[in-house]
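Values in this text are rule-based calculations from the coordinates and carry no lab data. Only a predicted model underlies this, so the values are computations on that prediction, with no experimental measurement involved. Heads up, the Cβs are rebuilt from the backbone with ideal geometry, glycines too, and the neighbour counts pull from every protein chain shown.
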Amino acid sequence: MKNTFKKALCVAAAPFLLAACSSPNKPISEGAAPSPASAAEMALMATHDSLMFQADELMALKGKLSGYHSEAPAPYIHGLAAADNAMMGWMHQYKAPDSTATPEARLSYFKQQQQLLAGVRRQFRSSLDSATKFQAQHPAAGDVPAASK
């Protein structure tokens with residue numbers, strides 16, 4: 001529970017922390033809006049942070065389904081693993097442009113990355129939704145409420 005609270009706090013604070021950082025192309029001064037590239041980078045990182053928070057839910061659900069004593073949840077477990085692998089793949093290929101890149105190149109890169117991350121977000125949501133639906137329709141033996149006598 002503590003770990004979940006910490007992650008929620010980090011996700012909530014991320015936009016404020018990112019806004020406090022200055023852009024190499026246009027520093028953010030008090031009351032001034034960030035450059036388009038900085039705003040795109042902040043939006044991208046907010047999406048990333050949101051997905052990282054959902055990764056805990058994804059892994060917990062994968063663990064629950066792995067505890068089933070049948071092959072029925074296997075496709076859902078594979079879907080959850082694929083979503084996690086997609087996120088890991090995105091993180092490994094992500095490389096923010098350095099400060100020597102033009103503002104236009106930085107903006108273009110962050111927009112392209114946002115599109116890639118949107119695909120990962122759809123994969124996360126789809127796999128979480130289908131695995132959750134499966135779990136609701138097929139509860140594990142320990143999850144079935146005892147019948148009233």
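Take each peptide in 68-80, 91-103, count the other Cβ atoms within 10 Å of every residue, and average; sorted highest first, the result is 68-80, 91-103.
Computed packing ranks the peptides 36-42, 114-120 as 36-42, 114-120, most packed first, by mean other Cβ atoms within 10 Å.
For Ser99 and Met52 in the same chain, what is the full-extension length gain: residue separation times 0.36 nm, less their Cα-Cα distance, in nm?
Working: separation 47, 0.36 × 47 = 16.92 nm, distance 2.62 nm.
Result: 14.3 nm gained on full extension.
Relative to the Cα centre, the charge distribution of region 58-139, modelled as +1 at Lys and Arg Cβ and -1 at Asp and Glu Cβ, gives a dipole magnitude of about 160 debye. Local charge for Leu116 was computed over the other residues whose Cβ lies under 13 Å away, with Lys and Arg +1 and Asp and Glu -1, and equals +4. Any idea what log10 I(q)/I(0) is at q = 0.31, 0.33 Å⁻¹ for region 61-110, Debye with uniform C-alpha scatterers and no solvent? Result of the Debye calculation: -1.06, -1.11.
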